[in-house]
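A.B. asks: Below: one structure in structure tokens.
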């Protein structure tokens with residue numbers, strides 16, 4: 001190679017580097033969705049051909065679909081061509097330089113949640129060394145996990161390093177064309193989490209997306225895939241405790257869980273996306289598909305969710321109980337205040353023999369909030385001795401909100417036992433007066449009563465999450481009375 | 001209505017409680033899922049905070065409630081139950097007296113604390129109240145019957161009718177009332 005060529009190469013390389021750098025800082029695809037955009041996303045992420053093909057298939061399917069209209073929520077039509085589907089990770093330069101530049105309202109919320117100052121900086125995306133601290137923390141976790149043989153990484157990394165596992169399981173619980181939003185996600189998802197727990201391994205720590213919160217800012221289309229191999233167990237926490245300042249924005253994630261024989265997956269969510277203001281302006285449209293399959297005998301999947309954020313929540317974490325003796329659980333607290341709307345619940349699909357499911361749903365509506373529970377319990381012909389217990393309670397605060405319950409039960413096996421209990425109550429003046437005449441202020445009293453109402457669900461949350469969830473309810477209920 | 005130099009009716013309920021007023025309810029409400037002892041802790045600390053005293057920590061607090069719950073002859077499992085949820089009528093009333101014992105009010109108003117109690121529960125409630133009598137505490141006991149007053153001997157008896165005190169006396173007044181009925185007072189008033 002001549003010197004001249006080397007110099008040219010060096011120049012080219014340098015030019016490329018610089019180009020790349022600029023790209024990272026301000027790389028956002030033009031609004032709109034078409035096959036070219038999907039090719040762009042796939043190329044940016046250096047994906048293999050099969051991944052691109054999978055995306056394109058999903059997109060073609062999506063193009064033939066229409067939005068679901070059955071949910072009890074109302075919003076203006078979403079212009080899917082007005083959304084930008086690729087935005088490179090925000091660099092630290094994009095973020096606020098210090099807490100002084102962060103919306104004071106946001107800081108106030110953090111303070112109320114009792115989040116330490118340093119963590120507040122991380123949550124707000126402030127460019128400080130703490131961000132790097134958090135990265136190194138993540139690395140420490142990774143070492144410990146690797147020792148146990150657990151794979152826990154970003155979805156992109158999994159596509160690159162564990163393509164076999166991804167190809168085997170991706171879309172196996174939530175097929176590409178499952179529903180409108182899942183199809184959209186399958187076409188355009190940008191990143192997410194991947195976890196594989198090998199046979200017989202009890203994951204040595206609670207896996208959490210907490211340290212990824214900053215990165216999560218980039219994409220509103222996450223994809224999560226968790227596989228618990230035979231006899232393994234894992235507890236996964238998904239915390240979006242950082243209220244986002246984004247305006248009406250679509251968040252369409254897909255989560256797939258696969259529990260093989262004797263495996264146990266516990267998935268806990270505390271969702272607090274930006275709910276919009278008191279008049280209902282702004283806020284996240286949280287249209288999420290979450291489903292797990294107990295694919296082997298004695299498998300166990302448990303969903304616990306605390307949904308306090310988002311302008312609209314459309315979400316039904318479900319269990320497909322394929323394996324004999326497998327167990328599905330759904331514990332949910334959904335709170336709607338101001339103009340928030342939630343249509344949430346679960347589906348329990350009993351296929352294997354002696355399968356059991358439990359549904360505990362607590363809906364709280366305040367302000368002008370609308371809160372719907374929608375749940376399906378389906379017992380297939382093959383599901384001998386299937387059992388379900390459903391308890392569905394609604395609590396109303398004030399007289400301008402609404403609670404709705406839509407239970408669907410389909411039983412095709414006569415040996416099945418399905419129980420459904422539902423209550424709707426209001427926080428009574430008597431309860432409030434009782435607490436107040438013990439010296440407890442009105443807002444604290446409401447918090448106390450609501451937390452008591454949610455207790456059956458909170459006790460399913462990991463300890464530190466339960467504390468956070470209680471505080472979060474308090475913050476979300478502010479101004480709900482008086 | 002003046003209380004310690006302040007207009008009691010002008011205060012919201014929580015402020016009255018923080019000023020040392022305790023109301024034992026005739027029909028205590030159930031608050032599902034809210035731990036009895038948790039309510040008491042929030043309550044006591046709200047009152048202490050108002051007085052400028054430090055909040056009790058969990059250990060000190062537990063010691064206090066375990067001691068006070070004996071006054072109404074309940075075991076510790078009483079503390080862990082949700083406020084009045086699934087309590088019998090007698091347990092609800094005993095819970096009110098237990099709360100009073102924890103909060104140590106300056107003025108306690110016991111609203112028909114004897115209603116719906118069997119004789120054993122009545123004795124327990126009465127003994128709890130008697131324990132809490134003292135020179136720094138005024139107790140206003142509202143009742144329709146002499147029965148409770150056999151166990152809690154009042155210093156002063158007032159007869160309330162149509163929102164006014166129509167007669168005052170000592171314990172003998174209550175006994176006379178029991179014998180002659182409230183109509184007797186009306187006749188006296190009319191005469």
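A.B. asks: Compute the long axis of helix B:119-131 from its Cα atoms, compare it with the longest principal axis of the Cα atoms of chain B, and write down the angle in degrees, 0 to 90, nearest 10.
C.D. replies: 80 degrees
A.B. asks: What order, most packed first, do the peptides A:271-280, A:444-453 have when packing is the mean number of other Cβ atoms within 10 Å of each residue?
C.D. replies: Final packing ranking: A:444-453, A:271-280.
A.B. asks: To the nearest whole number, what is the average tally of beta carbon atoms from other chains within 10 Å of the beta carbons of peptide B:31-40?
C.D. replies: Counting Cβ atoms of other protein chains within 10 Å of each residue's Cβ and averaging gives 6.
A.B. asks: Ok, one more. Based on the mean of other beta carbon atoms within 10 Å per residue, what is the order of A:49-56, A:192-199, A:63-70, most packed first?
C.D. replies: Going by the mean number of other Cβ atoms within 10 Å, highest first, we get A:192-199, A:49-56, A:63-70.
A.B. asks: Any idea what angle helix B:36-50 forms with the longest principal axis of chain B, computed on alpha-carbon atoms, 0 to 90 degrees, nearest 10?
C.D. replies: So the helix axis and the longest Cα principal axis differ by about 80 degrees.
A.B. asks: In the Gaussian network model of chain B, springs joining C-alpha atoms below 10 Å, which of B:179, B:99, B:146 carries the largest mean-square fluctuation?
C.D. replies: Maximum among the listed residues: B:179.
A.B. asks: Average the reciprocal distances over every distinct pair of alpha-carbons in the range B:12-145, invert the result, and give the Kirkwood radius in Å.
C.D. replies: The answer is 15.0 Å.
A.B. asks: Which one of B:13, B:154, B:54 has the biggest mean-square fluctuation once chain B is modelled by GNM with Cα springs under 10 Å?
C.D. replies: The residue with the greatest mean-square fluctuation here is B:54.
A.B. asks: Does the range B:67-112 come out rounded, prolate or oblate, given a ≥ b ≥ c as the square roots of the eigenvalues of its C-alpha gyration tensor, rounded meaning a/c under 1.5 and, failing that, prolate meaning a/b above b/c?
C.D. replies: Because a/c hits 1.5 or more and a/b fails to exceed b/c, the range B:67-112 counts as oblate.
A.B. asks: OK, next. Taking 8 Å as the Cα distance limit and 6 or more residues as the minimum spacing, I'd like the relative contact order of the range B:12-145 as a percentage.
C.D. replies: 35 percent
A.B. asks: Based on the Kirkwood radius over alpha-carbon pairs, what value in µm²/s does the Stokes-Einstein equation return for the translational diffusion coefficient of the range A:330-482 at 4 °C and 1.567 mPa s?
C.D. replies: 78 µm²/s
A.B. asks: What average count of beta carbons from other chains do you get within 10 Å of the Cβ of residues in B:19-30?
C.D. replies: Per residue, the number of nearby Cβ atoms from other chains is 3 on average.
A.B. asks: Something else: Within 10 Å of each Cβ in peptide B:73-83, how many partner chain Cβ atoms are there on average? Round it to a whole number, please.
C.D. replies: Averaged over the peptide's residues, the number is 1.
A.B. asks: On to the next question. Looking at the range A:230-354, send over the antiparallel percent of its DSSP beta bridges, to the nearest 5.
C.D. replies: Just about 0 percent of them are antiparallel.
A.B. asks: Can I ask one more? Using only Cα atoms and rounding to the nearest 10 degrees, what angle (0 to 90) does helix B:171-180 make with the longest principal axis of chain B?
C.D. replies: Result, in degrees: 60.
Read the figures in this text as sums done on the coordinates, not as results from a lab. Because the structure is a prediction, the values reported are computed rather than measured. In this analysis, Cβ positions are derived from the backbone assuming ideal geometry, glycine residues included, and neighbour counts consider all displayed protein chains.
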